[in-house]
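Asks: Take this structure, written in structure tokens, and hold onto it; I'll ask about it next.
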Amino acid sequence: MERARLSLTKGQRWVVKIGSALLTNDGAGLDVKRIQGWVQQMAELKQAGVDIILVSSGAVAAGMTRLGWSERPDSMELLQAAAAVGQTKLVQTYEDLFQPFGLHTAQVLLTHEDLSDRKRYLNGRNTLRALQEMPVIPIVNENDTVVTDEIRFGDNDTLGALVANLVEADALILLTDQDGLYDADPRSNPDAQLIATAKSNDPRLVSVAGGGGKLGRGGMATKIRAARLASRSGTVTVIAGGRIENVLSRLRAGEQVGTHLVPDMEPITARKQWLAGHLQMKGELVIDAGASKALLNKGKSLLPVGVKAVSGRFQRGECVAVVDESGRVIARGLANYSALEASKICGRNTQQIQQVLGYISEPELIHRDNLVVL
Ligand SMILES: Nc1ncnc2c1ncn2[C@@H]1O[C@H](COP(=O)(O)OP(=O)(O)O)[C@@H](O)[C@H]1O
Ligand SMILES: N[C@@H](CCC(=O)OP(=O)(O)O)C(=O)O
């Protein structure tokens, strides 16, 4: 497809994600020889004017080797400790390998909360933009030491997609241990066929994508979700084999390598992408059929009168899910009222808000500028 080809051959901003399954020599530390190959290609791209942001996994694996562990631990604190030990090794390895090309690296560790908080999100975006102007390759990973299970990205595919949204990347390249997305998991189906191209939002992709291997976290399922998220900033996603020779340079030259997932929607505004990227909701608003129609078909704000039930604990300004009567999540947005206030004014018309609460902040429960339909 022409659009995908242009994002790859002419795009000025790429997010490249290298997964755990690829970075390690079958669990035994970092595969420095291979990393050197990707570094060389990324350095050449940067010198040709493509801003590269690298999302690299591998901290836990590198930490395990440094600590002399052969088995991946199960406990959260040991995994976090291994990540803390391994992250320095990971960045040191990249720094040493980029240095001969006159490039430095910058360590960027992010959590889900950093990207949910509007101020920190904007700060992160400004910093990454500033780094792009420099002879520097930012290296992003999840800040594993401080996250708990409930708030983890867990896999770096999702993180890669949110970073692609953050910088409005032309392309998100997910390098992994398979040559791309197959119509069934090739580990268990030797006859599986490679899918060369598809629309990022094609619902059929979900059924072919299975889970990850013993080193990777998310498998293809999270890569498909990442492609969907990335499409919101008009970003093309490529899932490709990191062991394919010169994979990045060949993609830049316009070769059909791996699976190309092409957005089939117009990019949404940066603010709405930020909203859509929220993974944790603080509460839920169940709305009636009339309100669903107003949101889905007319791009309207959500008024308290259309809300049937409120659940969860949220404050004004926090992100909530909007659910229709059948239980389907149709939108999310920032609430203008807390959960307690919302439960008092739901089902009421605008005039009644003042009577019930004694004050009125806004007539809308969620203003359309702070609402994204999913
Ligand atoms: N339909 C599919 N096509 C290709 N690979 C698949 C598919 N379904 C599941 N997989 C598995 O996903 C794995 C890659 O994901 P993962 O292990 O998380 O790696 P990474 O660390 O690169 O993200 C592959 O090794 C493969 O076995
Ligand atoms: N943050 C973790 C990586 C998580 C992970 O393995 O993700 P993925 O490569 O997407 O399977 C680490 O650096 O070890």
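The values are calculated or read from the model by the stated rules, or taken from the named source; none is laboratory data. If you're wondering where the values come from, they're calculated on a predicted model, not measured in any experiment. Cβ sites come from the backbone with ideal geometry, for glycine too, and all protein chains shown count toward neighbours.
Asks: Name the pairs: first residue in the range 114-125 and on the phi > 0 side of the Ramachandran plot, second residue crowded, with 17+ Cβ neighbours inside 10 Å and part of a loop (DSSP other than H, G, I, E, B), Cβ to Cβ under 9 Å, at least 6 apart or on different chains?
Replies: none
Asks: Okay, next question. Residue 146: surrounded by 20 or more Cβ atoms within 10 Å (Cβ to Cβ) and either more than 27 Å from residue 100 (Cβ to Cβ) or in contact with a helix residue (DSSP H, G or I) (Cβ under 8 Å, 6 or more places away or on another chain) (or both), yes or no?
Replies: On the way: surrounded by 20 or more Cβ atoms within 10 Å (Cβ to Cβ): no; either more than 27 Å from residue 100 (Cβ to Cβ) or in contact with a helix residue (DSSP H, G or I) (Cβ under 8 Å, 6 or more places away or on another chain) (or both): yes.
Taking the combined requirement at face value, the residue does not satisfy it.
Asks: Are any residues in the range 174-199 within 19 Å of residue 158 (Cβ to Cβ) and surrounded by fewer than 16 Cβ atoms within 10 Å (Cβ to Cβ), and if so, which ones?
Replies: none
Asks: Still on this structure, please answer the following. Restricting to the range 52-77, name every residue that is outside any loop (DSSP other than H, G, I, E, B), within 16 Å of ligand 2 (Cβ to nearest atom) and either touching a residue at least 40 places away in the same chain (Cβ under 8 Å) or of a type in the set (S, T, N, Q) (or both).
Replies: 53, 54, 55, 56, 59, 60, 61, 65, 76
Asks: While we're here: Mind listing whichever residues of the range 14-57 are within 22 Å of residue 224 (Cα to Cα) and either of a type in the set (Gly, Ala, Ser) or more than 13 Å from ligand 1 (Cβ to nearest atom) (or both)?
Replies: If we filter the range 14-57 for residues that are within 22 Å of residue 224 (Cα to Cα), which is where we start, we get 14-23, 52-57.
Scanning the range 14-57 gives 14, 15, 19, 20, 21, 52, 53, 54, 56, 57.
Asks: Looking at (1) within 10 Å of ligand 1 (Cβ to nearest atom); (2) under 29 Å from residue 281 (Cβ atoms); (3) outside any helix (DSSP H, G or I); (4) at pLDDT 95 or above, which is the one condition that is false for residue 212?
Replies: (4)
Asks: Scan (1) in a loop (DSSP other than H, G, I, E, B); (2) surrounded by 17 or more Cβ atoms within 10 Å (Cβ to Cβ) for the single condition residue 49 breaks and write down its number.
Replies: Among (1) in a loop (DSSP other than H, G, I, E, B); (2) surrounded by 17 or more Cβ atoms within 10 Å (Cβ to Cβ), residue 49 violates only (2).
Asks: Same structure, new question: Before we move on, is residue 49 in contact (Cβ under 8 Å) with a residue 12 or more places away in the chain, assigned by TED's automatic domain parsing to the domain that holds residue 125 and within 13 Å of residue 141 (Cα to Cα)? Quick ask: steps written out before the conclusion?
Replies: Working: in contact (Cβ under 8 Å) with a residue 12 or more places away in the chain: yes; assigned by TED's automatic domain parsing to the domain that holds residue 125: yes; within 13 Å of residue 141 (Cα to Cα): no.
Spelling it out, it is not the case that residue 49 is in contact (Cβ under 8 Å) with a residue 12 or more places away in the chain, assigned by TED's automatic domain parsing to the domain that holds residue 125 and within 13 Å of residue 141 (Cα to Cα).
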